[in-house]
Amino acid sequence: MALDTDKLNSLLGKGVSDFGATLHAACVRIGDQLGLYKGLAEGGPQTPSELAQRTGTVERYVREWLNSQAAGGYVTYDAGSGRYSLSEEQAFCLADESSPAFLPGAFQVALAATRIVPRMIEAFRTGQGVGWHEQDPELFTGTERFFRPGYAANLVASWIPALEGIEARLKSGARVADVGCGHGASTVLMAQAYPKSTFAGFDYHEGSIATARKRADAAGLSNRVKFEVAKAKDYPGQDYTLVTFFDCLHDMGDPVGAAAHVHQSLAADGSWMIVEPFAGDAVGDNLNPIGRVFYSVSTLVCTPASLSQEVGLALGAQAGEARMRQVVTSGGFTRFRRATQTPFNLIYEARP
Ligand SMILES: C[S@@+](CC[C@H](N)C(=O)[O-])C[C@H]1O[C@@H](n2cnc3c(N)ncnc32)[C@H](O)[C@@H]1O
């Protein structure tokens, strides 16, 4: 056996970085929950003791946490003054929940997903699925916090305008169904943008629908936004102008059955917008840092979710456009195209 030392060192370096990142996820979650990043952003350069006082926490823990963050580049340390602070960029990514680059939601997802490992070890042996509703509840909130900033930045500004003629109809008043809506972040954002339209959010997960209703109430939208527990294959309503699926078609056991149901629920000139994780058609296209995130989430969450439902097609989160086209056209749609994209998402439009 002849080991290439350079290759070995490079792999070990990557391993150290990933080992640190795994532990770092837990520390990010702690800082996020306790308002440590926000406290740093609001208070400027601080000693551990000042940050602890500001956030109602204990100095010894805060000091250790700050050093973990400074070592990871998430906090800036000034050795001269012994103070810690956030640069503009660090504050933008860590302390501002409305920022399109807000990171703590992503770590909340990653950490929550790891809690399913014992079930997944068993599932790998048996082939059994694990439903979305069986995941740790932190996953539901994390997903909302992870996706919402991207939807806020893109959905109304570029994704809906990329659909053929839909924006004008939403502005003048139309009926929309948001299927697999989770906590309803996308539904609420659309309802805020199009005050003449009405929105129905559907998800099979009761807990998510209960939270979505609270979100609509808090936004003062309960008169135009209704949330109901329903599956993608049997949600109620007809003649929708727009049906949306945000990051959920690949999670479903029977996406072809879902497509057929969407087809019969749409108006003849209606549109189906499908938002999926960015992916190329070939595995080799996705072997990069973003693909790693999606394949890993897909292993722990999306694939078991689909396998837990009828049919269990298990598209996975990196299905790619060609596979999606097959699914959508098998459900009866005659037109399918990539309407737009971001580095993280593909936005498809299907028409009856
Ligand atoms: C990754 S989450 C996305 C949630 C939400 N669309 C968002 O973007 O924040 C996937 C959602 O699909 C829902 N889901 C999975 N299978 C479903 C089905 N067959 N019918 C309806 N909803 C389903 C899950 O309950 C979950 O809320």
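The values are calculated or read from the model by the stated rules, or taken from the named source; none is laboratory data. Only a predicted model underlies this, so the values are computations on that prediction, with no experimental measurement involved. Here the Cβ is made from the backbone with ideal geometry for all residues, glycine too, and neighbour counts use every protein chain on show. Remember, those area values only see protein heavy atoms, side chains included, never the ligands or the DNA or RNA. Shrake-Rupley method; radii C 1.70, N 1.55, O 1.52, S 1.80 Å.
Here Cys93 passes the criteria (1) in a loop (DSSP other than H, G, I, E, B); (2) of a type outside the set (Gly, Ala, Ser); (3) under 19 Å from Thr22 (Cα atoms) except the one numbered (1).
This table checks each residue for (1) in a helix (DSSP H, G or I); (2) within 15 Å of the ligand (Cβ to nearest atom); (3) in contact (Cβ under 8 Å) with a residue 40 or more places away in the chain.
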position	(1), (2), (3)
Ser208	yes, yes, yes
Thr211	yes, yes, yes
Arg215	yes, yes, no
Lys233	no, yes, no
Pro236	no, yes, no
Gly257	yes, yes, yes
His263	yes, no, yes
Met273	no, yes, yes
Asp281	no, no, yes
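Against the conditions (1) over 25 Å from Tyr235 (Cβ atoms); (2) in contact with a helix residue (DSSP H, G or I) (Cβ under 8 Å, 6 or more places away or on another chain); (3) open to solvent by 30 Å² or more (accessible area, probe 1.4 Å), Ala157 satisfies every one except (2).
Among the residues of segment 160-178, those that are open to solvent by less than 20 Å² (accessible area, probe 1.4 Å) and either in a helix (DSSP H, G or I) or touching a Gly at 6+ places or on another chain (Cβ under 8 Å) (or both) comprise Ile160, Ile166, Leu170, Ala177, Asp178. Only residues that are among the hydrophobic types (A, V, I, L, M, F, W, C) and over 13 Å from Thr76 (Cα atoms) were counted across segment 30-50, and they come to 3. Of all residues in segment 14-60, exactly one satisfies the criterion of being outside any helix (DSSP H, G or I) and of a type in the set (A, V, I, L, M), namely Val58.
In segment 206-228, is there at least one residue being closer than 27 Å to Leu139 by Cβ, of a type in the set (Phe, Trp, Tyr) and in contact with a His (Cβ under 9 Å, 6 or more places away or on another chain)? Within segment 206-228, not a single residue is closer than 27 Å to Leu139 by Cβ, of a type in the set (Phe, Trp, Tyr) and in contact with a His (Cβ under 9 Å, 6 or more places away or on another chain).
Scanning segment 156-186 for residues that are in contact with a Ser or Thr (Cβ under 8 Å, 6 or more places away or on another chain) and within 10 Å of the ligand (Cβ to nearest atom) turns up Asp178, Val179, Cys181, Gly182, His183, Gly184, Ser186.
Yes/no matrix, rows are residues, columns are (1) open to solvent by less than 30 Å² (accessible area, probe 1.4 Å); (2) over 16 Å from Leu300 (Cβ atoms); (3) in a helix (DSSP H, G or I):
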| site | (1), (2), (3) |
| --- | --- |
| Gln69 | yes, yes, yes |
| Ala113 | yes, no, yes |
| Glu122 | no, no, yes |
| Phe146 | no, no, yes |
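Here Ala200, Ala191 are screened, and the one residue that is buried (at least 21 other Cβ atoms within 10 Å of the Cβ), touching a strand residue (DSSP E or B) at 6+ places or on another chain (Cβ under 6 Å) and part of a helix (DSSP H, G or I) is Ala191. Checked against (1) open to solvent by less than 20 Å² (accessible area, probe 1.4 Å); (2) within 14 Å of the ligand (Cβ to nearest atom); (3) not aromatic (Phe, Trp, Tyr), Gln309 passes all but a single condition, namely (1). Answer with yes or no whether Ser208 is open to solvent by less than 20 Å² (accessible area, probe 1.4 Å), touching a Lys or Arg at 6+ places or on another chain (Cβ under 9 Å) and of a type in the set (S, T, N, Q). The answer is no for Ser208. Residue-level analysis places Val243 outside the set of residues that are among the β-branched types (Val, Ile, Thr), surrounded by 22 or more Cβ atoms within 10 Å (Cβ to Cβ), assigned to a strand (DSSP E or B) and within 9 Å of the ligand (Cβ to nearest atom).
Within segment 1-55, the residues that satisfy the criterion of being open to solvent by 40 Å² or more (accessible area, probe 1.4 Å), over 26 Å from the mean Cα position of the chain (by Cα) and of a type in the set (Val, Ile, Thr) are Thr5, Val16.
For segment 328-352, residues that are farther than 18 Å from Pro255 by Cα and in a loop (DSSP other than H, G, I, E, B) total 3.
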